[in-house]
Amino acid sequence: MTEAKPHTPERVRVAICGGGIGGLTMAAVLRRLDISYVVLERYAQITPQGAGISLAPNCLRALDQLGIFEKLAKHSQAMREVHIYKNDEFWGSQKFGMTNEAFGYYVHKIERHQFHHLLLEAAGGNDVVRLGFNVNDIVDEEDAPYAIVRAEDGREVHTDIIVGADGIRSYTRRVLAEKSGMKATNNIRFTGRVHMSGYTKPLTHLTTKDEGVGHWMLYDDAILTTWPCKDNRQWFIGVAAAKLKPGEQPDRSVWKGATKDTINEVYGERFHPFGEESKMKSIIDASERVIASNVFMELDVPHMVKGRIVLVGDAIEDAVELGNALYEHFRLNDPTAFDRYSEVRQKRASDLVQFSDNFAKVHTARLPYGLGPLVRKILYKYVPTSIWVWYFTWLFNYQPVIKYPLLDLPAGQATSAQ
């Protein structure tokens, strides 16, 4: 029997654990900053989760700087309006197109798979990704010349910095939590909610006047949003309470075997102005892909930096800010670069959680003293778009960019150490 040959360790400046949006954006930034990197993806192929994605001005300026925005705009739909309904009663509309005047960009909606492809291309393509790299060991000793990332199959990467971009269940996150003195187990809790989403083929009964129009559907016992995508495709997202057996606790996010019937059971008979016969069912039945997933939350968030390990979230802005910090660390020998990154991003993340929670309370009419339905009706039916634009200023006007010179490199940049 022939023994397997040992793998030769790969040496890079930055090892990015995770080939999702955060990881690929990080790779695209490092490619342009000429800092060597490799993306370690545990699956055998890049498999984006979800149906669509919303890209707002706070991330589009950086994507523009990276040369991605022009291609993105060809495959996405700019938001013009959101029409708001309470059951089948039209409450009014908000002119989302005003974001272009206020913040320099429209909000764009795009199929997640297409956006993932654009990011992978900007990151250097498949040459910079190591597929099937399921991390099972990280060695980060203070006096060692480099950190080591090991996969189950024996592959190793030797690196100066490990970027954890592999989600709340990641091995990288657990190691960082342990280094920070936090418990690495039982840190994730099921919220009791299920997200149901899908991405449709072009709805041919719609016309050009329907392009760029989204919908907030406020049903008595549920909420559903549809966002416009390219060629009058629709990306829909619904939230439902989980139906669990007594004592059942989900341990994974994405449902196996979710079908159109799964979504139709909850939303099929609901009113929707874009549906044939004004029913949501015809939109769901036009789906090219549907997804149902349990929603989890992290109970305790570790510090974003410890030793040679740095976390980057799904936010594109995270990768941009970390790119600046990595440049300052490697090129300017700045020992405080990661501390500044951590301070800025952790505060921003905390503020965003609070902002999202407050908005969700309004959107779902869950306010104290039973005021939710009245406050929501006033805000959604009578408040002009200019007030909404002002409300979103703190979010959309934060547009970090890479502060240092960018290289114009060909695809497939080498990942050898510099």
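ARG31: basic (Lys, Arg), surrounded by 19 or more Cβ atoms within 10 Å (Cβ to Cβ), under 19 Å from LEU66 (Cα atoms) and modelled with pLDDT of 95 or more, yes or no? The answer is yes for ARG31. For segment 7-45, the set of residues classified as of a type outside the set (Gly, Ala, Ser), at negative phi, more than 20 Å from the chain's Cα centre (by Cα) and not in a strand (DSSP E or B) consists of HIS7, THR8, PRO9, ARG31, ARG32, LEU33, ILE35, listed by residue number.
Restricting ALA73, ALA165, ALA122, ALA102 to residues that are surrounded by 15 or more Cβ atoms within 10 Å (Cβ to Cβ), assigned by TED's automatic domain parsing to the domain that holds GLY307 and modelled with pLDDT under 95 narrows the list to ALA165. Counting only residues that are at pLDDT below 95 and polar (S, T, N, Q), which one in segment 43-57 is farthest from ASP231 (Cα to Cα)? Ranking the candidates gives GLN45 first.
Counting just the residues of segment 34-70 that are under 30 Å from ARG155 (Cα atoms) and among the hydroxyl-bearing types (Ser, Thr, Tyr), which one comes out surrounded by the most Cβ atoms within 10 Å (Cβ to Cβ)? Applying the filter and picking the extreme gives TYR37. Listed residues ILE21, ILE53, ILE68; which is among the β-branched types (Val, Ile, Thr) and under 25 Å from LYS209 (Cα atoms)? Result of the check over ILE21, ILE53, ILE68: ILE53. Taking segment 292-335 as the range and being at pLDDT 95 or above and of a type in the set (S, T, N, Q) as the test, the residues that pass are ASN324, ASN333.
Selection of segment 325-345 for residues being surrounded by fewer than 21 Cβ atoms within 10 Å (Cβ to Cβ) and within 18 Å of CYS59 (Cβ to Cβ) yields only VAL344.
A single entry from LEU371, LEU395, LEU406 fulfils the requirement of being aliphatic (A, V, I, L, M) and within 22 Å of HIS215 (Cα to Cα): LEU395. Exactly one residue out of ILE35, ILE16, ILE21 is in contact with a helix residue (DSSP H, G or I) (Cβ under 8 Å, 6 or more places away or on another chain), hydrophobic (A, V, I, L, M, F, W, C) and closer than 28 Å to PRO202 by Cβ, and it is ILE21. Only a single item in (1) assigned to a loop (DSSP other than H, G, I, E, B); (2) at pLDDT 90 or above; (3) surrounded by 14 or more Cβ atoms within 10 Å (Cβ to Cβ); (4) not polar (S, T, N, Q) is not met by PRO250, and it is number (2).
The values are calculated or read from the model by the stated rules, or taken from the named source; none is laboratory data. All values derive from a computational prediction rather than experimental measurement. So basically every Cβ, Gly included, is an ideal-geometry build from the backbone, and we count neighbours across all protein chains shown.
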